[in-house]
């Protein structure tokens, strides 16, 4: 073993070629200890039966067949958060041998679904190698989500048939071929080694400074997973940057969603917008142009950083989620907050920086209720996780509309379906990047489980069984996504940067009068009028969250067309015959002139 000038140790092994299996062996006072190479690009079973996998030398060559990335602008992205196994595992048209795999997710039946829905960017939940936590093994459960990383370079074998590297590249190529970008959900804030008492896989033995420690030498646990990677430590920063470049250069990945991203910007105990990690990405010729999405918080001090990430970063916006959920489920005095969120949360993400820095708006994410459960349950039901229902968030801002869980009551079912349409229409006609949970397009229920991270079963796997209600919602959702791409994108472009000064935004009472400041506190029905310059497109969003039908006076003299009215699942435009429009209670209408 030799040491370079920069401090790395290395060895040259003659005859090592693609397929060669290797592992590190550390000899010390405690005897012989096997370690996995943290730079391993592929993993396999250890030949000596160790619980740790061994690394495999890989050949990076792959036939990309001249397929290029769609290279979408940030403004036109519609995110579709997808679990590789769970989304295809029960699909009736995916062959049994491909279900739940990389190749299954790019099967023609899945491609047809993505195209029908109209999404253009798959955000894949973690596909890098991970391991189950000991407490899950004791309960005979598994870390289905995969947020417990082992090696940041190696694709997870759980989703492969034979060769995870080649099969994941094939998935990316085929998605690109069909106009879909690929964003990886990556976990660089911690590793599966945990804290005190946790297992040793690599860094704990090779470089203990890889993790943040307190002044007393204890692991800083700003992630809730036992350790926090210290990116002020040069080898740690280098490893993360090498991993990111590897995914872009070798797998043609279009961007990343960073789990608990506040941890990556920490200098010790405090977040720094100018930290070394952000600066390294900004100057990196490979990474500075890919799409970057931050989950802008961790659980440590100074951890909530929504709106504070650097230029070029989009941010998951939980303020949007909480406001829109609360509003449509009847919370009072929210109209002003709703207006702020619909207009792109410009209180925290200035329109002057759009589209390079935008709010990622969402109603549901992998963690929390699915859309169907959001309108079907008041409380979480996580007993299957074997933690006495103590896990998972308690503040869900949900509503069962009269009965907890499944029901045969047609009135309750109709109200739930309308509420789903309210959420999605609001999301898709808000300024920002819309994020949809893929299972929501199929009205999937997790049976009230809002923390299904350990449920590798039908609770999490998307249910593809057909029903008229499911099909009607999927068709409606596809239609509204197409409306967003056709009519909302010009608005986002027009209101971005300096161009926004030439366009119009007006909030009106139903009678057509401009709202006063007092109205924002007292009303739950309002009209938003958007216009591009003097002769351009115009949109009206008529919002009625009250218990009564409201008639809205429409501005101007030219006729309007109703694009969508959430009171029904209609999927065609309807001409408005008069200069008034009646919006039913608990409904939303989008009009165009």
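No value in this document is a laboratory result; all are computed from the given coordinates. Keep in mind that what you see is a predicted model, and the values were worked out from it rather than measured. Ideal geometry is used to build each Cβ from the backbone, glycine not excepted, and the neighbour counts take in all protein chains shown.
Let me check I have the definition right: for segment 366-436, take the eigenvalues of the Cα gyration tensor, multiply each by 5, take square roots. What are those semi-axes in whole Å, largest first?
Square roots of five times the eigenvalues give 23, 19, 8 Å.
Over the Cα atoms of segment 114-185, Rg to Rh with Kirkwood Rh, two decimal places? List each step's numbers first, then the result.
Working: Rg = 14.3 Å, Rh = 13.6 Å.
Dividing the radius of gyration by the Kirkwood radius yields 1.05.
Work out Dmax and Rg for segment 522-564 from the C-alpha atoms and quote the Rg first, both in angstrom.
So, for segment 522-564, Rg and Dmax equal 12.0, 36 Å respectively.
Provide, for q = 0.23, 0.32, 0.35 Å⁻¹, the log10 of I(q)/I(0) from a solvent-free Debye sum over equal Cα point scatterers in segment 95-135.
One equal scatterer on each Cα of segment 95-135 leads to -0.88, -1.13, -1.17.
Using only the alpha-carbon atoms of segment 1-138, report the extent along each of the three principal axes, biggest first, to the nearest angstrom.
That gives 60, 42, 29 Å along the principal axes, largest extent first.
Going by how many other Cβ atoms sit within 10 Å of their own, how do 68, 291 line up, fewest first? Provide the component values of the computation, followed by the final result.
Numbers: 68 10, 291 22.
In increasing order of surrounding Cβ atoms, one gets 68, 291.
Compute the normalised compactness of segment 86-155: alpha-carbon radius of gyration over 2.2 N^0.38 Å, N being the residue count.
On the way: Rg = 14.6 Å, N = 70, 2.2 N^0.38 = 11.1 Å.
Ratio of Cα Rg to 2.2 N^0.38 Å: 1.32.
Whole number please: convex hull volume per residue of the Cα set in the chain, in Å³?
Per residue, the Cα convex hull of the chain comes to 169 Å³.
At q = 0.19 Å⁻¹, work out log10 I(q)/I(0) for segment 283-407 with the Debye formula, treating every Cα as an identical point scatterer and leaving solvent out; two decimals please.
With no solvent term, the Cα-only Debye profile gives -1.12.
Can you tell me the mean projection area, over all orientations, of the convex hull of segment 501-592's alpha carbons? Units nm², please. Provide the component values of the computation, followed by the final result.
Working: hull surface 25.3 nm².
Average of the hull's projected areas for segment 501-592 equals 6.3 nm².
Taking square-rooted eigenvalues a ≥ b ≥ c of the alpha carbon gyration tensor, is segment 332-481 rounded, prolate or oblate, where a/c under 1.5 means rounded and, failing that, a/b exceeding b/c means prolate? Before the final figure, lay out each step's value.
Details: a/c = 1.71, a/b = 1.43, b/c = 1.19.
Since a/c reaches 1.5 and a/b is larger than b/c, the shape of segment 332-481 is classed as prolate.
Volume per residue, Å³, of the convex hull around the alpha-carbon atoms of segment 2-56?
Details: hull volume 6.3 nm³, N = 55.
Cα convex hull per residue, to the nearest whole number: 115 Å³.
Using the 2.2 N^0.38 Å rule of thumb for compact globular proteins, work out how segment 43-100 stacks up: its C-alpha Rg over that value, please.
Rg over 2.2 N^0.38 Å, computed on Cα atoms: 1.76.
Restricted to Cα positions, what overall size does segment 76-297 have along the principal axes? Three whole-Å values, descending.
Computed over segment 76-297, the largest-to-smallest principal extents equal 57, 44, 26 Å.
How much of the DSSP beta bridge set in the chain is antiparallel, as a percent to the nearest 5? Let's see the in-between values first.
Details: 46 of 73 bridges.
So the antiparallel bridges in the chain amount to around 65 percent.
Work out the FRET efficiency for residue 66 and residue 331 from their Cβ-Cβ distance, taking R0 = 56 Å, and round it to the nearest 0.05. Walk me through the numbers on the way to the answer.
Details: r = 53 Å, r/R0 = 0.94.
That gives a FRET efficiency of 0.60.
Counting each DSSP H run of 4 or more residues in the chain as -39500 (n - 2.57), what helix-only mean residue ellipticity at 222 nm follows after dividing by all residues, to the nearest 500 deg cm²/dmol? Numbers along the way, then the final one.
Numbers: 15 runs with 138 residues, N = 593.
Only helices count here, giving -6500 deg cm²/dmol.
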